[in-house]
1. Considering only residues that are among the β-branched types (V, I, T) and either within 16 Å of E24 (Cα to Cα) or assigned by TED's automatic domain parsing to the domain that holds I204 (or both), which ones fall in the stretch 57-80?
2. Return the residues of the stretch 102-128 that are within 30 Å of V13 (Cα to Cα) and assigned to a helix (DSSP H, G or I); say none if nothing qualifies.
3. Could you name every one of the strands (runs of 3 or more DSSP E) located completely within the stretch 192-295 that has at least 3 residues being away from ligand 1 (no atom under 16 Å from the Cβ)?
4. Tell me, please, whether a residue that is within 16 Å of ligand 2 (Cβ to nearest atom), among the hydrophobic types (A, V, I, L, M, F, W, C) and touching a residue at least 60 places away in the same chain (Cβ under 8 Å) can be found in the stretch 251-272.
5. Give the stretch 273-295 a look and list any residue that's small (G, A, S) and either at pLDDT 95 or above or within 9 Å of ligand 2 (Cβ to nearest atom) (or both), or say none.
6. Output the number of residues of the stretch 61-97 satisfying the condition of being over 20 Å from the mean Cα position of the chain (by Cα) and either among the acidic types (D, E) or surrounded by 13 or more Cβ atoms within 10 Å (Cβ to Cβ) (or both).
Amino acid sequence: MKNYRVLLFYKYVNVGDTEQFKNEHLKFCFENNIKGRIYIAEEGINGTISGKTSDIESYKFYLRSYPIFKDIVFKEDEEDKIAFTKIHVRVKKEIIHSGLNGTSLKNGGKRLKPEELLKFYEEEKDFVIIDARNWYESKLGKFKNAVTPQMKNFREWKKTVKDLEVYKNKTVVIYCTGGIRCEKASAYMVEQGFKDVYQLDGGIVTYTKKYPNTYWEGSIWVFDERYAVDVNTEEELKYTTKCEHCGTPTSYYINCHNMECDTIIFYCHQCKKDMDYCCSEDCINALRKRPRYYG
Ligand SMILES: [Zn+2]
Ligand SMILES: [Zn+2]
């Protein structure tokens, strides 16, 4: 029995008084030992939180007690330990930084259920599947045959869509971790004249829970202390990445501890230590290195 949960959720809805909502939220999280990140904007809420199972249950009940959130969808993972050390509740302009001001959510792509995506694959439908996440996320895992734009961050989506114009008249499916990025990303594509755009409903996390060991290859990058979530049990589908030092399949990574470098590097746990948390000899000998709090 695992005693902790990680909860992923978002909803685009007019929140009203964001400051007041934030304060209520922060208070609740403090009192119930909830850790993680919650972003609140006039356009909605976006959170990843962790806590004891009973505390997470209280949180779900609490959030659903607001009429605007009574139908919010929670994606949940069972864990052995808490996945965050702190709680941040912040008011932002957007619940995810997109650089897509002016894009209307009303234009969002058609929602494709996990079972429908499975069918697309099984029936060999003529479609293009595109990763709407960053380069390092798709390196750890991706859908079979997916196009993986090499974005540094989501703000590069506009530029990415220009490069994807060859698919304008094709059936296109885009996906991200939990679905939040695709809401605006797919709307932007529709606005740019893409003819047949789908967004994977509930994102990768929902698909892989339902259909592990099928068309998802590798693991899921997460922005918390778990680093990655391994979802497949079949050996050949487990990892898409190898340790850059020794070649062992891995779903682990670090940021180089030379603060001037900070490059994401995929390592196994042993090589991380052997390389002193750095990507190269030069970085090992660098002057400004990140203080180390964890092993
Ligand atoms: Zn290694
Ligand atoms: Zn480095």
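The values are calculated or read from the model by the stated rules, or taken from the named source; none is laboratory data. This is a predicted model, so every value here is computed, not measured. A quick note on method: Cβ atoms are made from the backbone with ideal geometry, for glycine too, and the neighbour counts reach across all protein chains shown.
1. Narrowing the stretch 57-80 to residues among the β-branched types (V, I, T): 68, 72-73.
Residue satisfying the conditions is I68 alone.
2. L105, K106, N107, P114, E115, E116, L117, L118
3. Values: elements: 196-200, 216-221, 228-230, 253-255, 264-266.
The qualifying strands (runs of 3 or more DSSP E) are 196-200, 216-221.
4. Checking the stretch 251-272: at least one residue is within 16 Å of ligand 2 (Cβ to nearest atom), among the hydrophobic types (A, V, I, L, M, F, W, C) and touching a residue at least 60 places away in the same chain (Cβ under 8 Å).
5. Narrowing the stretch 273-295 to residues small (G, A, S): 280, 286, 295.
Within the stretch 273-295, S280, A286 qualify.
6. From the stretch 61-97, those over 20 Å from the mean Cα position of the chain (by Cα) are 61-71, 80; that's our starting set.
Next cut, either among the acidic types (D, E) or surrounded by 13 or more Cβ atoms within 10 Å (Cβ to Cβ) (or both) only: 62-64, 66, 68-69, 71, 80.
Here the count works out to 8.
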